[in-house]
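The values are calculated or read from the model by the stated rules, or taken from the named source; none is laboratory data. If you're wondering where the values come from, they're calculated on a predicted model, not measured in any experiment. In this analysis, Cβ positions are derived from the backbone assuming ideal geometry, glycine residues included, and neighbour counts consider all displayed protein chains. For accessibility, only protein heavy atoms count, side chains too; no ligands or nucleic acids. Shrake-Rupley method; radii C 1.70, N 1.55, O 1.52, S 1.80 Å.
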Amino acid sequence: MMFRRSFKSLRISSPSTSPSRLPTRNSFSVAPKRPYSRSYSTESTSTHPLPPQRSRLRRFIGFTSIAVFAFTIGLTYQTNLTLSRIMATPTEEETLTSFIATDPMTSKIDTTIRTHPVAEALRANSDFSESRPHLTIPEPLRLRNLTAGTLAGPGKIVVPPYVFSERDGKSMVSLMYLGGDVCGHQGIIHGGLLATLLDEGLARCCFPALPNKVGVTANLNIDYRAPAMANQYVALRAETVKVEGRKAWVEGRIETLPIDGTEPVVLVEAKALFIEPRQAAALSSLYKVA
């Protein structure tokens, strides 16, 4: 009896049986579910919009495109300018009257070459045409040419050479005067200048015999026979001895050009092989002024 009474009192005094403290069903009711949404504040982006970020690749491509465009414009302009200079070159006939001597000594040398018996004989030969090739090079380009610019003038190659070319590149004769400022040993013309003149002269001789009228030196052999004294008239003679397709073999020499009727003295002899480049068709227009 004591156990039952105490148990009843325990159940009566238990908080879980107190009606005033028991949670009702309404107190645990779940709020109605709302659709999930996540809001972001747009205040900062709407008032201070950020510029779109460009990738480094896109910026690189943009700068490169501008650079290539500018380079192309510059190259096109320079090419057109160079071509216009080349197209404005004088004819062979015009070069015969375009040279103007700047001093009495130069004038005397020019007259002596022009009226020399060798020049007169070649001029009378219908198989030869006369020109002064150095004067066909436009002035801006001539200043940067070795024989027509750097080595030309008083004391050097005093006047532009008179050149007589046989048709079809068979032979050529070039008459000139070598001054005292192109020496190696004192009073003796530098052997390198003689080699340069032969290289240029033999090439000029055979170019008309090549398919596209242009070639490059493949081989040049030189034999020096006698000292070439400074301040004297000389003649360069060349002959094309063989042509096979794009190849031409030429022989030549530089000899004195006496003005007193004596026999000429051979100073240096040369043999050379010239080959026309495979891309000669594209280069031929540039060599018209060489």
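Tabulated data
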read-out: Condition broken by Ile86, with the remaining ones in (1) among the aliphatic types (A, V, I, L, M); (2) under 30 Å from Cys205 (Cα atoms); (3) at pLDDT 60 or above; (4) open to solvent by less than 90 Å² (accessible area, probe 1.4 Å) satisfied; value: (3)
read-out: Among the candidates Pro211, Pro264, residue that is farther than 22 Å from Asn145 by Cβ and open to solvent by less than 70 Å² (accessible area, probe 1.4 Å); value: Pro264
read-out: Set Ala228, Ala235: member being open to solvent by less than 20 Å² (accessible area, probe 1.4 Å) and over 18 Å from Met172 (Cα atoms); value: Ala228
read-out: In the range 187-203, the residues that are touching a Gly at 6+ places or on another chain (Cβ under 9 Å) and either open to solvent by 50 Å² or more (accessible area, probe 1.4 Å) or not aliphatic (A, V, I, L, M) (or both); value: Gly187, His190, Gly191, Gly192, Gly201
read-out: Test: residue in the range 97-120 that is more than 20 Å from Asn231 (Cβ to Cβ) and at pLDDT 95 or above; value: yes
read-out: Test: residue in the range 140-154 that is closer than 21 Å to Gln232 by Cα, among the aliphatic types (A, V, I, L, M) and assigned to a helix (DSSP H, G or I); value: yes
read-out: Members of the range 86-141 that are hydroxyl-bearing (Ser, Thr, Tyr) and more than 34 Å from the chain's Cα centre (by Cα); value: Thr106, Ser107, Thr111, Thr112, Thr115, Ser126
read-out: Check on Ser171, within 17 Å of Glu255 (Cα to Cα) and of a type in the set (S, T, N, Q); value: yes
read-out: Looking only at the range 155-186, and only at residues there that are touching a Cys at 6+ places or on another chain (Cβ under 7 Å) and in a strand (DSSP E or B), the one that is surrounded by the fewest Cβ atoms within 10 Å (Cβ to Cβ); value: Ser171
read-out: Criterion (of a type in the set (Val, Ile, Thr), in contact with a helix residue (DSSP H, G or I) (Cβ under 6 Å, 6 or more places away or on another chain) and farther than 19 Å from Glu93 by Cα) met by exactly one of Val158, Val163; value: Val158
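Per-residue answers, yes or no, for (1) among the β-branched types (Val, Ile, Thr); (2) modelled with pLDDT under 95; (3) within 20 Å of Val243 (Cα to Cα):
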site: Ser165; (1), (2), (3): no, no, yes
site: Met172; (1), (2), (3): no, no, yes
site: Leu175; (1), (2), (3): no, no, no
site: Gly179; (1), (2), (3): no, no, no
site: Ile189; (1), (2), (3): yes, no, no
site: Gly192; (1), (2), (3): no, no, no
site: Thr196; (1), (2), (3): yes, no, no
site: Asp199; (1), (2), (3): no, no, yes
